[in-house]
1. Return the pair list, or none, for Cβ contacts closer than 6 Å from residues in the stretch 75-96 that are closer than 15 Å to residue 194 by Cβ to residues that are among the acidic types (Asp, Glu) and in a helix (DSSP H, G or I), at least 6 apart or on different chains.
2. Among the residues of the stretch 377-414, which ones are of a type in the set (Gly, Ala, Ser) and assigned to a helix (DSSP H, G or I)?
3. Quick check on my filter: what residues within the stretch 214-255 are farther than 14 Å from residue 308 by Cβ and in a loop (DSSP other than H, G, I, E, B)?
4. Keeping to the stretch 27-79, report how many residues are of a type in the set (Phe, Trp, Tyr) and more than 19 Å from residue 239 (Cα to Cα).
5. How many residues does the stretch 133-176 hold that are within 30 Å of residue 100 (Cβ to Cβ), more than 18 Å from the chain's Cα centre (by Cα) and assigned to a helix (DSSP H, G or I)?
6. Which one is farthest from residue 282 (Cα to Cα) among residues in the stretch 146-169 that are of a type outside the set (A, V, I, L, M, F, W, C) and at pLDDT 75 or above?
7. When you look at residue 345, is it more than 17 Å from the chain's Cα centre (by Cα), at pLDDT 75 or above and part of a helix (DSSP H, G or I), yes or no?
8. How many residues does the stretch 28-48 hold that are under 17 Å from residue 154 (Cα atoms) and not small (Gly, Ala, Ser)?
Amino acid sequence: MKNKLSAGEKEQLQKNNFILYLLGRFVSDTGTSMQMMIMPLYIIDAGGSASTVGLFSFLSLVPVLIVYPFAGVLGDRHNRKTIMVVTDFVSAGVILGLGLISYLNVMSLTLLMSVQVMVSLLNGLFDPATRGMLPQLVKSDKLTRANSIVASLKTVSLMLGPVIGAVMYANFSVTILFLINGISFFLSGTSEMMIRYTHNKLKTAVGMRGIITDLSEGIRFILAKKSIRKLCYFFMVTYLFVQPAFNVVLPVFFKTRLEYSDTQYGYLQSILILGMLLGSILVGTVFSKKDNVLKPLKSGTGLLLINMLLFSALMFPYSISALGGGSISYFVLLAVVLCLLSASLMLINIPVQTFIQRETPDEYMSRVFSLVSMISRGGMPFGALLFGIVLERIEAHWSVLAATLLMIVVSIVFLTTFSGNQKYKFLFKESE
């Protein structure tokens, strides 16, 4: 980026870069959602069980967490744009290869899970770079709104993906999903290549010693920030007990206890994603001020707990019998609860992400986000694996109810810990 650009030219360049950034993410997110939302159904249709679905979710998440710390160091040391482009192109090749394997009818669940580990590792390299780049593409005072737009567009892609994916899967085969997803990654990388971005190269030590030093600096930064550290712990528990409700409990419950078609499962997933869109829009319009981190956090936590209770209530056999496991009324009630549940997660996630971006210097950005993601999302794979095992022995409604009661206790402790004369001051100003 040249310094001789006028203010108007710089603003236009920022807009163009942001549009290319959004376009690349939207295309790949749509392709990925088409494939990933259908995978649990495909696994069950291919002879898998609830534990197999849980294992697939586990393998989709653990490699990301393992590579995150090193990906953060890589994102701060090297050009973030280059990392995004390369990982997208490699992902395209891997997924298109999976499509070829499926077309030749030599697919197996073991092979599918092995390839998913590779894709997960690539995503782990991509994510810290793309998160670290965004604050450099928009002005600081527009960061909350930019994060809201990114999240909103992602939810649109997630809303379109399941419907298109369900129709494709029902009328063709899983091969077409791999083909579309592979092409989407290729288009995403092409869009990112056109972003005009200058990487601020840091002076760092070379070799493994330099990597360890950089990683240690990121860890020390997080440990010194009480606000970031405590939010990580809360998110870790939330991902452990809440996220499996979407990617493990819901598909198993839908296939084994309800009487809807695979296409209706796609509709339900899209309605669930609609809640994320509504939550993102609400954050961008109502909670976009810098000092408004607390309000959406409290509102989102309350809404989350209420709808987790309602979700478990709808899963009880009496509710299914009274409303009808294949009726329109049950479908509508389930869709509304899941919609509000996903909206509550966005009310929590987006403002906190913006807060972390504002509190973190650019030279630490990728490392901090990679470490924050590793800690906060650390509960996701273990939650998926745990729920997959538990559902083999305990009914889904009791499992979700137990998880909800534990979340209520954790949330009360988390929120009341910061009461007093300087209630929630840690969200805005460090006071050790």
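The values are calculated or read from the model by the stated rules, or taken from the named source; none is laboratory data. Quick caveat: nothing in here was measured; it's all calculated off a predicted structure. Methodologically, a virtual Cβ is constructed for each residue, glycine included, from the backbone with ideal geometry; neighbour enumeration extends over all protein chains shown.
1. Note: pairs meeting the criteria are 84/192; 85/192.
2. Going residue by residue through the stretch 377-414, those that are of a type in the set (Gly, Ala, Ser) are 378-379, 383-384, 388, 396, 399, 402-403, 411.
Scanning the stretch 377-414 gives 379, 383, 384, 388, 396, 399, 402, 403, 411.
3. 225
4. 2
5. Selection size over the stretch 133-176: 12.
6. Step by step, filter the stretch 146-169, then rank; the result is 169.
7. On the way: more than 17 Å from the chain's Cα centre (by Cα): no; at pLDDT 75 or above: yes; part of a helix (DSSP H, G or I): yes.
Criteria not met by residue 345.
8. 7
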